[in-house]
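Notes for the one structure printed next.
The values are calculated or read from the model by the stated rules, or taken from the named source; none is laboratory data. Since the structure is predicted, the reported quantities are computational estimates derived from the model, not experimental observations. FYI the Cβ positions are ideal-geometry reconstructions off the backbone, even for glycines, and counts take in every protein chain you see.
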């Protein structure tokens, strides 16, 4: 397998350091709009299987040329979702497999944005499913941690723990703290704004509906000492992916943003600073959201100042194999001190990066195979969870005790 | 009198429409970095005494050339305070009189920003007082509404209402509402950020000290149906000007921002979006504060969507001429519906624009004369307040009833 990794930001760099310990691929070309950033990621790996190039991810022709020139049979998209479609289409055109961690962007319903979805996350990708099948190539979409591992957990629960699923509720929370900043998000603020301010989507009784941002707040008690965190509905790929493969009455995604972060996002929205459309500022043209991201510290560089743990997981409620009510939370925790020591990557970024590498190894070995546009839940979860364990990153199940009758 | 008005934004345009009704000047050259904006203000006046030019207010040589070319004997600065020093120095070099509504900017104390002032508002201007005196020219600084009218009120109180002043407390509040926007400030957000996020300054017992932003909240009951508004300490010129001419134990400025606005400003600060220093965003260099201003609607254009009143005034406590305790609030209210109907200018902008025009008329007629760098309180308040009345814009006094013994 020869991989074109597009994006050497936090996640891309962590992908390099994780993949460097594995033998399933022949070569990985690390591409970034800033060649120096790609070169630094490659230099850190110190492994001849990696090389660095400059690449503009928005330029489909340039991406196709890079895939051909470096004879890559997989495009691994590790840039933000603005670039999903040109990369996805470039891979399809060249006949490479494709993997991403964030799907094509949504557009709200023009009249009822907070009741009905418009163009949904991934719709533009699923529209090309037939072409991927016709070419016999796999587009594995939403294969990070959330979406990604969260979907694998849902599939595992459906196959091995439940006879009927009432709700699949992805829940994400942390007790990470960044020292020395008034405000410092631990994940891409561009993506966080995108997912938090778009109308959240919920799957319920056979259809998708949307709500107001930050709806249905709930306090979820996270494991591993993180404890209770206030979570709210957020637009996320799992809600669009899980129902395509797993029968569930309801699918939700709630993010443990906390009150301060919610307040910041609401204010950015109120002032129009969440907008990704360019505006004129003096002689320049700048998108407010890009400026917000540029004004905050790069989350990938904050690992040394962070402490705490981050937890991603899937809370499943329904009827167990024994016909009795069951409720479990399947989860994966990363301690920032551990990921910094072992991989030099902060916890959130590292947790996003490991799962696509595991998935690519399963594709390379032929354990996971498929054609068309497929989510992680389209594949057998067991080999994934076993290989994740082998990578040294355990997952766990918390069983909610049954109430005494 | 030939006037070079620099700045044809909201306040500058309102200056043109107010001055057009008066006869004290021979010609007013309206200058703006966007010549079209200056031309629109001049076209609206439809009066041959006005002409429009393009001018970069940051380019001192260009400003000097414009003063000479158009034989202006007064430079009227109506741009934001970043440009105060080049304009002030250009007027001094050419030998023109000078008037502004916002003084040279402060810089916080390097070690104890929230206890002691560093470079104070106006310090750079007062440092050149000797040169202005030597040239026999007047620099009338802080001559808008606040500072400006508020300082005139303080002088009036000192001369005519009090034998001893305990506190001069400028208090600014409104019940203005802008329809159709989630968030729309009624005054320049650039300036509002500057004055609200700098350490507020207080004069007390013979010295200036600073506090944390938004300190000493108090609910002030504004007249004319506006009612109670929460006010907080804000850095403002009156606190630096009043004590130079009027003996008072304490001088404060509190702004009725309201909780929502305070929350927005705190969030902007937390995210570094208040910064006036340029940062790199993609290929561009942009100051976050400039982008925030560009992303919000221009307050000068909101008059049609606004309703309500704005109040500027000076609350004075001390001992009356009769030796008994006295407490008064001298104030000036503008109803947005009135200023829009009469002048096509929204209330806050119009209220800022009228007072410097009144002051220039007093200078032109020789009623106000002086040399050096002087604040509004250096002059007799009575002719100013009389002329303001003649302009059709009344002021008033609210006397706090004495407590029964």
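Just to be sure I understand the filter: pairs with C-beta atoms under 6 Å, separated by 6 or more residues or on different chains, first member in segment B:357-370 and more than 20 Å from residue B:17 (Cα to Cα), second member modelled with pLDDT of 95 or more. Which pairs pass? Matching pairs, first to second residue: B:367/B:383; B:368/B:362; B:368/B:379; B:370/B:138. For residues that are more than 30 Å from residue B:56 (Cα to Cα), in contact (Cβ under 8 Å) with a residue 40 or more places away in the chain and buried (at least 21 other Cβ atoms within 10 Å of the Cβ), scanning just segment A:266-292, find the one that is farthest from the other protein chains (Cβ to nearest Cβ). Among those residues, the one meeting the criterion is A:274. Based on what the data block shows, is residue A:254 more than 21 Å from residue B:270 (Cβ to Cβ) and buried (at least 21 other Cβ atoms within 10 Å of the Cβ)? Taking the combined requirement at face value, the residue satisfies it.
Note on segment A:293-332: residues that are away from chain B (no Cβ under 14 Å) and either under 30 Å from residue A:249 (Cβ atoms) or in a loop (DSSP other than H, G, I, E, B) (or both) total 25. Of the candidates B:32, B:47, B:73, B:56, the single residue that is modelled with pLDDT of 95 or more and crowded, with 24+ Cβ neighbours inside 10 Å is B:32. On the basis of being over 17 Å from the mean Cα position of the chain (by Cα) and on the phi > 0 side of the Ramachandran plot, does residue A:180 make the cut? It is true that residue A:180 is over 17 Å from the mean Cα position of the chain (by Cα) and on the phi > 0 side of the Ramachandran plot.
For segment A:348-376, filtering for residues that are modelled with pLDDT of 95 or more and closer than 24 Å to residue A:192 by Cβ leaves 11. Selection over segment A:372-393 of residues that are surrounded by fewer than 20 Cβ atoms within 10 Å (Cβ to Cβ) and part of a strand (DSSP E or B) gives a count of 1. Within segment A:118-134, the presence of a residue that is more than 21 Å from the chain's Cα centre (by Cα) and assigned by TED's automatic domain parsing to the domain that holds residue A:11 is excluded.
Just so you know, in segment A:322-335 the residues that are touching a helix residue (DSSP H, G or I) at 6+ places or on another chain (Cβ under 7 Å) and surrounded by fewer than 22 Cβ atoms within 10 Å (Cβ to Cβ) include one that is farthest from residue A:387 (Cα to Cα), and it is A:328.
The residues of segment A:103-127 that are out of contact with any strand residue (DSSP E or B) (no Cβ under 7 Å at 6 or more places or on another chain) and crowded, with 18+ Cβ neighbours inside 10 Å, listed by number, are A:103, A:104, A:105, A:121, A:122, A:124.
Scanning segment A:118-140 for residues that are part of a loop (DSSP other than H, G, I, E, B), touching a residue at least 24 places away in the same chain (Cβ under 8 Å) and under 15 Å from residue A:371 (Cα atoms) returns A:128, A:136, A:137. Given the criteria over 28 Å from residue B:292 (Cβ atoms), away from every other protein chain (no Cβ under 12 Å), in contact with a strand residue (DSSP E or B) (Cβ under 6 Å, 6 or more places away or on another chain) and crowded, with 17+ Cβ neighbours inside 10 Å, does residue A:242 qualify? For residue A:242, the condition - over 28 Å from residue B:292 (Cβ atoms), away from every other protein chain (no Cβ under 12 Å), in contact with a strand residue (DSSP E or B) (Cβ under 6 Å, 6 or more places away or on another chain) and crowded, with 17+ Cβ neighbours inside 10 Å - is met. Quick check on residue B:214: is it in contact (Cβ under 8 Å) with a residue 40 or more places away in the chain and at positive phi? It is true that residue B:214 is in contact (Cβ under 8 Å) with a residue 40 or more places away in the chain and at positive phi.
Could we say that residue B:349 is under 19 Å from residue B:76 (Cβ atoms) and surrounded by fewer than 20 Cβ atoms within 10 Å (Cβ to Cβ) here? No; evaluated as a whole, the condition is false for this residue.
Residue-by-condition table, conditions (1) within 29 Å of residue B:190 (Cβ to Cβ); (2) surrounded by 24 or more Cβ atoms within 10 Å (Cβ to Cβ):
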site	(1), (2)
B:308	yes, no
B:345	yes, yes
B:359	yes, yes
B:368	no, no
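Residues that are over 19 Å from residue A:121 (Cα atoms), more than 9 Å from chain B (Cβ to nearest Cβ) and in contact with a helix residue (DSSP H, G or I) (Cβ under 6 Å, 6 or more places away or on another chain) within segment A:245-265 comprise just one, A:265. Checking A:350, A:338 one by one, the residue that is farther than 29 Å from residue A:97 by Cβ and touching a helix residue (DSSP H, G or I) at 6+ places or on another chain (Cβ under 9 Å) is A:338 and no other.
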